[in-house]
1. Given the options ILE63, ILE211, ILE116, which has the most mean-square fluctuation in a GNM of the chain, springs set between C-alpha atoms less than 10 angstrom apart?
2. For ARG167 and GLU34 in the same chain, what is the full-extension length gain: residue separation times 0.36 nm, less their Cα-Cα distance, in nm?
3. Can you give me the distance in nm between label points at PHE103 and ARG69, each placed 7 Å from the Cα along the Cα-to-Cβ direction?
4. As an exercise, take the mean of 1/r over every pair of distinct alpha carbons in the chain, invert it, and state the Kirkwood radius in angstroms.
5. Could you state the number of Å between the C-alpha centres of the stretch 128-175 and the stretch 1-54?
6. Kindly rank 48-59, 2-13 from highest to lowest mean number of other beta carbons found within 10 Å of each residue.
7. Run the simple label-point estimate for LEU12 and THR210 please: 7 Å along Cα→C-beta, distance reported in nm.
8. Which lysines does LYS56 reach when only Cα atoms under 24 Å apart count, and residues fewer than 8 places away in its own chain are ignored?
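Each value in this text was obtained by applying a stated rule to the coordinates, not by laboratory testing. Predicted, not measured: the structure shown is a model, and the values here were computed from it. Cβ: placed from backbone, ideal geometry, glycine included. Neighbour counts: every protein chain shown.
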Amino acid sequence: MRILIVEDDPTLADGLTRSLQRADYAVDCVHDGEQADHVLAAQSYDLVILDLGLPKLDGFEVIRRVRRRGATVPVLVLTAHDALADRVKGLDLGADDYLTKPFELPELEARVRALIRRGQSGGSSMLAHGPLSLDTSGRRATLDNVPLELSAREFGVLEVLMLRSGRVVNKEQLAEQLYGWEDEVGSNAIEVYVHRLRKKLEPAGVAIRTIRGLGYVLEKDS
Ligand code: CA
C-alpha cells in the first residue's frame, strides 16, 4: 500500500510519514502543490493525504487536476482550522474525507484504513492461486482454507506475485510496491521476504521460482 503525503509543514509531514511507515505503508512525501501534481500524474497511489494550504498550487487545484485526469485514488484532506467552507469545497471537488488540524494520529490512521478499504472495494479483492487465497482488502490469506500468518511486507510481495501469476516479476517491481522513496531498500530484503514465503507456501505445493537475473514467478500450476 502506497501513500502520498502532501504537506508543507515539515514537522507535521515528518510526523505523518513516520507514523504511517510504522503502520507498514510505503510513504512518499512532497511539500508543495506543484510537486504533488507532477507525482500524481506519474505514479499510482492507494491514498493521498492532502493539505489544502500549500505553496505554488493549493490543495483544491491539486484535487481538481487529479479528478480531471480521471484518477479515482482516495483523497483525505487536511484543513488548517475548522473551516466549513474549505471542507465543503474540498469534498465537492472530489475529496473523499477530511480531518481538521490538530488531529490525533490514531484517528488519522483509522481514516486511512477506512479509505484504503473503500478504494479497493470497487474491484474484486479476492485473489486465488491453487490452494492459496488472498483477501486484499481485508489483508487476510488462507492456504488450504487455513489462515496463513504473513507480515505486511510478506503479504505485499505475495499480492504482487499473485496479481501477475505466471509472469516474471522483477525485484524492482516488488520493491516499488513495498517501499517509499526515502526507505532504504536493503539489497537482499526482497530475497528475505521471498525466502520466508517459500517456507510457508511450499508444504502446500505453491512454488515461487527464481528466474536468474530476471526475478520471480509464482508457478501457474501448483
Ligand atoms: Ca499548509
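1. Evaluated over the chain, the most mobile residue of the options is ILE211.
2. The span from ARG167 to GLU34 would gain 44.3 nm if fully extended.
3. Going by the 7 Å Cα→Cβ label model, 2.3 nm.
4. Taking the inverse mean of 1/r over all distinct Cα pairs, the chain comes out at 18.7 Å.
5. Taking the Cα centre of each part, the stretch 1-54 and the stretch 128-175 sit 26 Å apart.
6. With the highest mean Cβ count within 10 Å placed first, the list reads 48-59, 2-13.
7. About 4.7 nm, to one decimal.
8. Once the sequence-local lysines are set aside, what remains near LYS56 is LYS89, LYS101.
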